[in-house]
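The structure appears below as structure tokens.
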């Protein structure tokens, strides 16, 4: 399935992650530890950026399950990375709502800003660009996810600005990039325009 | 118990039964790919859709438990259309290579496509192709043909207990694959081929050599281990192409070990196809008359006490009884069928049987394994023990070499003294056995063939009595044999008679010159060097150790080439059937002895198979009850008391793939040995089930 050239020989949770892993395992009754396989895979990914075969074997050992069962889970869910990714994993949604709202521009801008194609990592190891399916933020389409944060209401310029900021070592504010407050109407309120909370109180 | 109606027929079934099981009980056929009655229910192929009244859509009958008053229809236009739709999806990516597929002619998908398939596909897109996986020298993979039913994944995890297969990826990209670094070296891996409903997993050694409809099918019994699994021997012309298991709930369910299935190419190699006599140190091909004359010359005027016979592990009962009668006529009592010197007591039948029976072991609730590795000695029986273990409430402990048995057990070390402690009630596991409702022990040939084997047997008996292993309707004292011939030999009394010598005595006698003629009936595991200057007559099917040492070679028939009786480890007499003829001038074994007896002037009183079998029944009533277990009375004490050796207890089988002349001659088994070592993953990476 995956490219074997990246696979490290061994994996171990750091003390901090091991403690978190133990906490997850402790949530399930004895004999049902396998239920913790998804959070543990996530922990391994948070530690290394991706899930290596060595990590899956460690997790299999912790949960007393066959490594193939862990690999089945890890390969089923696309959000587990089975290859190393850059420090910033840029995932651009190209599903229908985002596409209708201009994700093609976002994709083009991201490719230009990073100089890579989908699935590739920049040579400095900072960015990996991925094309993903719907991330459930259609109301703020088009959008991209960078590590744990959503950057929404993008266009070519704001996409470029966000990525350039990451390149400079800054962390731009997540959420809509067009000044919109969360998912309130993009052009300002369109109904109940006269009614405000103050007048209601008065 | 809910009552339901299927196709207008009413049936009452146990709660929890699924619709497909209820339909099977009624004999109503519902097509299926993923569902298999011995595996967990997956419900992913969707072929078994049926219509249930008051349900809005067709339901998968394999995964739908029955309900009171359910009205099921399996043959309506809705059902038919739904199944046609499923079939169209299954065929989306399935290649049209039936004409070159080994599964062709016995393929579930092919058969059901005849009933539910369209004449052409509507899909305009390209078909997907999947890279083939390496499953080792036994299982050929053609993964593009796979329909992801996951039967193989479930079998290897649930029944075989070596979870190395899985479905990786999702949706269109899902592939059945092997875990990297693990090998598909389960000793039951051949069953994957039977389970695969399409041609994705096929028989690698036999690939592209047959079409299923060309084969003549002969129902027979396996003799590669002592379980005596029911098999079907598929032949073309005078060649055995493959061996498949038959369903026999009492013995092997529907599984077969890899050695029993794949060692058959050994039947074509190293065969003894004509008699030989050693002249000037070299074996020279001769006629039967010359070979018999050479034996008669040697025996002329020889005292009976100087003649001996040893029966090997695959000797049939007919040949053994003929040899026994011949030697008796010659005045010899030097007979033994325990070529490994196992301390089995022929006087008490219960002392050498697997008394709880293969199916009965599923009722045990505590088990002690002594000097045995059931996974190597009888993989199908081991799968039964695993099946029992999976149900829970089953404590297993083992005295012997630590290894993966596919279920968890308490490791009690490898010292025989532990058995003594348990038998004397000084070990905590004694209480486990004593408190169990149906406790059992299994003692292996590895323990019994040691110098202190008789002492170990005595300790096992003591333990059985002390811990209550034998009670009303339950006998938990089990000997695990590895030789198909052994129980039959003991039953008919192929053991030293009055003043007779056993194997050790025969070898010592031959070395000293007290024994001058030794008949080896397929016995290749005795130490040939120890036979000294004795004149050795080897009768058997393969040119193995015995034939190399022999002075006269009499070519016999292998188990696929004769109708012969074997008694399995439970004490179940079973008969093989002739599937092909012995090669060249080789003959059925008892007929050779009969002919030889004429030349020696001591004609045996039987001329037909029927009359030999009548003779067998006289030797033991066991041979009258074919296919049935003849239980044994617990009876008198057996075994001896004495000092124990401090040697480690180990199994008598080191290499699972090569245990007898046939498997040693098999190229496939040699490939397995090279790929997997001795089997059971023991030289390979851990699979996650270790410990």
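Put simply, of B:348, B:432, B:418 the only residue that is more than 27 Å from residue B:255 (Cβ to Cβ) and out of contact with any strand residue (DSSP E or B) (no Cβ under 9 Å at 6 or more places or on another chain) is B:348. Condition check for residue B:629 on (1) touching a strand residue (DSSP E or B) at 6+ places or on another chain (Cβ under 9 Å); (2) buried (at least 22 other Cβ atoms within 10 Å of the Cβ); (3) closer than 25 Å to residue B:523 by Cβ: one failure, at (3).
Could you check segment B:167-185 and list, in sequence order, the residues that are buried (at least 24 other Cβ atoms within 10 Å of the Cβ) and either under 16 Å from residue A:60 (Cα atoms) or free of Cβ contacts under 8 Å to residues at least 40 places away in the same chain (or both)? Matches in segment B:167-185: B:179 only. The set of residues in segment B:155-166 that are in contact (Cβ under 8 Å) with a residue 60 or more places away in the chain, buried (at least 20 other Cβ atoms within 10 Å of the Cβ) and in a helix (DSSP H, G or I) comprises B:155, B:159.
Surrounded by fewer than 24 Cβ atoms within 10 Å (Cβ to Cβ), under 25 Å from residue B:649 (Cβ atoms) and at pLDDT below 95: is that true of residue B:530 in this structure? Judged against the criteria, residue B:530 is a match. Given the condition within 12 Å of chain A (Cβ to nearest Cβ) and in contact with a helix residue (DSSP H, G or I) (Cβ under 9 Å, 6 or more places away or on another chain), answer yes or no: does some residue in segment B:85-106 qualify? No: segment B:85-106 contains no residue that is within 12 Å of chain A (Cβ to nearest Cβ) and in contact with a helix residue (DSSP H, G or I) (Cβ under 9 Å, 6 or more places away or on another chain). Residue A:64 meets each of the listed conditions (1) on the phi < 0 side of the Ramachandran plot; (2) within 14 Å of chain B (Cβ to nearest Cβ) apart from (1). Listed conditions (1) more than 19 Å from residue A:42 (Cα to Cα); (2) free of Cβ contacts under 8 Å to residues at least 12 places away in the same chain are all met by residue A:68, apart from (1).
Among the residues making up segment B:60-81, a single one is farther than 27 Å from residue B:159 by Cβ and under 39 Å from the mean Cα position of the chain (by Cα): B:74.
Being within 27 Å of residue B:203 (Cα to Cα) and in contact with a helix residue (DSSP H, G or I) (Cβ under 8 Å, 6 or more places away or on another chain) holds for only one residue in B:129, B:118, and it is B:129.
The C-beta contact set for segment A:147-169 (first residue in contact (Cβ under 8 Å) with a residue 60 or more places away in the chain, second residue part of a helix (DSSP H, G or I), distance under 9 angstrom, 6+ apart or interchain) comprises A:163/A:109; A:163/A:110; A:163/A:113; A:163/A:114.
A quick yes/no check of all residues on (1) in contact with a strand residue (DSSP E or B) (Cβ under 8 Å, 6 or more places away or on another chain); (2) closer than 29 Å to residue B:660 by Cβ; (3) more than 14 Å from chain A (Cβ to nearest Cβ):
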| position | (1), (2), (3) |
| --- | --- |
| B:162 | no, yes, no |
| B:169 | yes, no, no |
| B:185 | no, yes, yes |
| B:199 | no, no, yes |
| B:216 | yes, yes, yes |
| B:220 | yes, yes, yes |
| B:223 | yes, yes, yes |
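Taking first residues from segment B:567-589 that are at positive phi and partners that are surrounded by fewer than 24 Cβ atoms within 10 Å (Cβ to Cβ) and assigned to a loop (DSSP other than H, G, I, E, B), the Cβ contacts under 6 Å between residues at least 6 apart in sequence or on separate chains come to B:571/B:630; B:584/B:273; B:584/B:274. Can we say residue B:233 is surrounded by 19 or more Cβ atoms within 10 Å (Cβ to Cβ) and part of a strand (DSSP E or B)? Yes, satisfied.
Meeting the requirement of 2 or more residues that are more than 24 Å from the chain's Cα centre (by Cα) and surrounded by 21 or more Cβ atoms within 10 Å (Cβ to Cβ), the helices (runs of 4 or more DSSP H) wholly within segment B:445-520 are B:453-466, B:503-512. The set of residues in segment A:77-125 being more than 16 Å from residue A:143 (Cβ to Cβ), within 14 Å of chain B (Cβ to nearest Cβ), free of Cβ contacts under 8 Å to residues at least 40 places away in the same chain and surrounded by fewer than 17 Cβ atoms within 10 Å (Cβ to Cβ) consists of A:77 alone. Of the residues B:46, B:38, the single one that is closer than 24 Å to residue B:192 by Cβ, touching a residue at least 60 places away in the same chain (Cβ under 8 Å) and in contact with a strand residue (DSSP E or B) (Cβ under 8 Å, 6 or more places away or on another chain) is B:38.
The values are calculated or read from the model by the stated rules, or taken from the named source; none is laboratory data. Note that the structure is a prediction, hence the values are computed from the model and not measured. Neighbour counts are summed over all protein chains in view; Cβ atoms, including those assigned to glycine, are modelled from backbone coordinates with ideal geometry.
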